[in-house]
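Q: Take this structure first; my questions come after.
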Amino acid sequence: MAVWRDGLAAVLDWFNQILWEWPCMLVLFLAAGLYFSWRTGWFQFRRFSWWLKCTWGALFQKAESKNAAGIGDFAGERAAQADAQPAAAGISERQSICTALAATVGTGNIVGVATAIVAGGPGAVFWMWVSAFLGMMTGFAEKVLGILYRHTDGEGRYQGGPMTYMEEGLHAKWLALLFAVLCMAASFGIGNVAQIHSMSGSLKEAFGIPAWATGVAAALVVAVVLLGGIRRIGAFTEKLVPFMVLLYMGSALVVLACRAGQIPAALALIVREAFRLRPALGGAAGYGIAAAMRVGVARGVFTNEAGLGASVFAHSAANTKEPVQQGMWGIFEVFADTIVVCTVTALVILTTGLAQPETLAGLDGAALTMRCFTEVFPWGDQLIAVSLALFAFGSLIGWSYYGERATEYLFGEGAVLLYKMAYVFVVSLGSVASLSVVWKMADVCNGLMAIPNLAALFLLRRQVTAALKDYEGRFWKN
């Protein structure tokens with residue numbers, strides 16, 4: 001077993017060196033976000049209040065108010081065809097964003113931030129922000145194309161995703177097949193093993209629950225949810241996401257309120273260390289600007305998934321007529337995940353002062369975040385363990401749908417059941433995997449999956465800008 005694990009780690013190290021230690025993927029992600037930000041006139045900043053109103057604000061509006069706010073008809077032919085389908089063709093906008101957020105807001109928001117600070121120093125958080133602000137428009141482009149090129153299956157259900165705009169928009173079937181293979185593989189790495197490992201580790205540390213027991217229990221619950229298809233997944237995540245975010249964010253804000261005086265210093269530390277030439281943490285763990293940037297961008301992509309194309313599956317299933325409206329949900333998804341949740345986690349860690357060489361004492365991942373919460377809550381370990389379990393379980397459910405869609409595209413509907421069985425089986429195995437191997441696997445899956453998707457986004461860039469121009473022409477210039 002040790003030989004097999006060491007061999008796998010060596011292969012993953014080789015891929016990680018090519019994808020992340022060399023500037024290849026870093027440049028691709030930042031360039032894609034920078035390009036769409038520039039081509040849309042920095043829409044994420046220029047129309048900040050607008051897209052926030054049309055997403056977060058729309059959750060509390062009545063239907064008439066939504067139409068008046070610009071969530072109305074899209075003039076494009078594809079959107080008109082989609083609108084002609086019955087409501088049963090998809091799930092609600094709220095359910096689609098909850099499914100996407102369930103997959104996106106996962107262990108990376110708790111464990112990933114902690115590992116980024118340990119591996120790249122506090123400056124890594126700054127580069128997570130940069131990747132998120134640029135990634136907002138990459139996510140926007142993905143969702144716009146997902147709605148433009150989606151279709152309905154024989155049962156009237158919306159079907160869409162990166163494979164759809166690769167095949168129909170680019171007429172590149174081979175690229176769509178490549179993406180589907182990588183997506184199916186990534187669903188076992190990013191969305192399965194990484195999530196269940198973090199869940200089982202935290203529950204074992206906080207409650208003494210054996211890792212294998214967590215794996216078996218999670219596998220059973222995941223199996224029950226998956227049997228209901230996208231509508232059960234949507235209904236489940238619609239209830240899970242608000243609860244898990246409120247539980248974690250509420251607790252984290254209490255910690256920050258108790259340490260409000262240290263917040264300005266923590267923010268200054270993040271910016272200062274992002275450009276520090278000497279090692280950030282000192283010793284063997286120390287890194288300079290290049291490593292802070294590499295770790296920050298890699299963890300930022302892992303948490304918000306902008307550029308991967310995975311969340312397009314959930315967004316394409318929404319009952320919406322406006323490609324740009326769903327694109328704005330893509331902006332909100334990245335903003336909520338990285339700028340809000342990850343920043344709060346980072347500030348909790350940095351205001352406690354535990355992220356220092358003399359105080360780390362081998363702490364990493366969930367263990368570091370737990371220690372930070374116990375500085376305020378005596379039961380901080382249990383609180384983070386429960387939050388982490390909810391976040392991880394949401395990601396397990398969301399990513400299972402992404403892998404399911406990729407499997408169906410590759411092998412047909414008959415293979416979906418086999419995929420679900422394999423996915424549930426891997427849930428139980430992932431609970432006892434090695435932490436270092438898990439995160440290396442996640443980074444490799446991120447990089448490989450993003451390459452064909454980013455290529456498709458660039459080649460279909462004119463469709464994205466045309467849709468936004470039409471939208472702004474109807475709802476702003478008039």
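Q: If amide hydrogens are placed 1.01 Å from N in the peptide plane, which non-local residues have theirs closer than 5 Å to the one on residue 159?
A: 151, 152, 153
Q: Computed FRET efficiency, Cβ-Cβ of residue 221 and residue 49, R0 56 Å: what is it to the nearest 0.05?
A: Details: r = 40 Å, r/R0 = 0.71.
With R0 = 56 Å, the Cβ-Cβ based efficiency is 0.90.
Q: While we're on this one: Testing the spin-label approximation: label points 7 Å from Cα along Cα→Cβ at residue 38 and residue 253. State their distance in nm.
A: Here the answer is 3.8 nm between the modelled labels.
Q: Sticking with this one: Return the long-range amide H neighbours of residue 318 (sequence gap of 5 or more, or a different chain), with a cut-off of under 5 Å between placed amide H atoms.
A: Sorted by chain and number, the residues that satisfy this are 91.
Q: Are any of the pairs 53/420; 173/469; 143/239; 53/173; 239/469; 321/440 more than 31 Å apart by Cα-Cα distance, and if so, which? Write out the running numbers ahead of the final one.
A: Numbers: 53/420 37 Å; 173/469 29 Å; 143/239 23 Å; 53/173 38 Å; 239/469 35 Å; 321/440 39 Å.
Beyond 31 Å between Cα atoms: 53/420; 53/173; 239/469; 321/440.
Q: Taking a quarter of the surface of the convex hull around the Cα atoms of segment 145-232, what do you get in nm²?
A: Working: hull surface 29.5 nm².
Average of the hull's projected areas for segment 145-232 equals 7.4 nm².
Q: Can you work out the PRE-style zone for residue 213? Point 7 Å along Cα to Cβ, and I want the residues of segment 385-413 with backbone N under 18 Å.
A: Backbone N within reach: 385-387, 389-390.
All of the numbers you see were taken from the coordinates with simple rules; none came from a lab. Computed from a predicted model, the values in this text were never measured in an experiment. Every residue, glycine among them, receives a Cβ derived from its backbone with ideal geometry; neighbour counts consider all protein chains shown.
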